[in-house]
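What follows is one structure encoded as structure tokens, with my remarks underneath.
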Amino acid sequence: MIGNGAIYHNSGSSVAAPPTSNVINKRMYAMVPIVIEQTGRGERAYDIFSRLLKERIICIMGPIDDNIASLVIAQLLFLQSENTKKPIHMYINR
């Protein structure tokens, strides 16, 4: 998701894992945008990366290590299990 390569969501339905120890990465994650979605049941707030995953978009930013690779594989498997016919879009920014 983004410096060290991880995407993070505080609610437990994470897109990937929190960054390790880099202070710059911690600041970046503190500034992850929140988007508001209107539904028939009211408003729902998502961090931007969870919203992108809902749209079948995976973002990888930074170096890819074993941890990041495992998280991306988990995301791909999850999206495939939801719908084998819909495309999955992946954006990679090293």
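The values are calculated or read from the model by the stated rules, or taken from the named source; none is laboratory data. Just so it is clear, the model here is predicted, and its values are computed rather than measured. Neighbour counts are summed over all protein chains in view; Cβ atoms, including those assigned to glycine, are modelled from backbone coordinates with ideal geometry.
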Looking only at region 80-94, and only at residues there that are in contact with a helix residue (DSSP H, G or I) (Cβ under 9 Å, 6 or more places away or on another chain) and not in a strand (DSSP E or B), the one that is nearest to Arg56 (Cα to Cα): Ile88
So the check is Cβ under 6 Å with 6+ separation or different chains; which pairs have a first residue in region 61-73 that's closer than 12 Å to Arg94 by Cα and a second one that's among the β-branched types (Val, Ile, Thr) and not in a helix (DSSP H, G or I)? Met61/Ile2
Just name the residue that is farthest from Met31 (Cα to Cα) out of those in region 52-61 that are within 8 Å of the chain's Cα centre (by Cα) and part of a helix (DSSP H, G or I). Leu53
Quick check: anything in region 4-27 of a type outside the set (Gly, Ala, Ser), farther than 23 Å from Leu76 by Cβ, at pLDDT 55 or above and part of a strand (DSSP E or B)? no
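Yes/no matrix, rows are residues, columns are (1) among the acidic types (Asp, Glu); (2) loosely packed, with under 14 Cβ neighbours inside 10 Å; (3) modelled with pLDDT of 95 or more:
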| residue | (1), (2), (3) |
| --- | --- |
| Ser50 | no, no, no |
| Arg56 | no, no, yes |
| Met61 | no, no, no |
| Val72 | no, no, yes |
| Gln75 | no, no, yes |
| Glu82 | yes, yes, yes |
| Lys85 | no, yes, yes |
| His89 | no, yes, yes |
| Asn93 | no, yes, no |
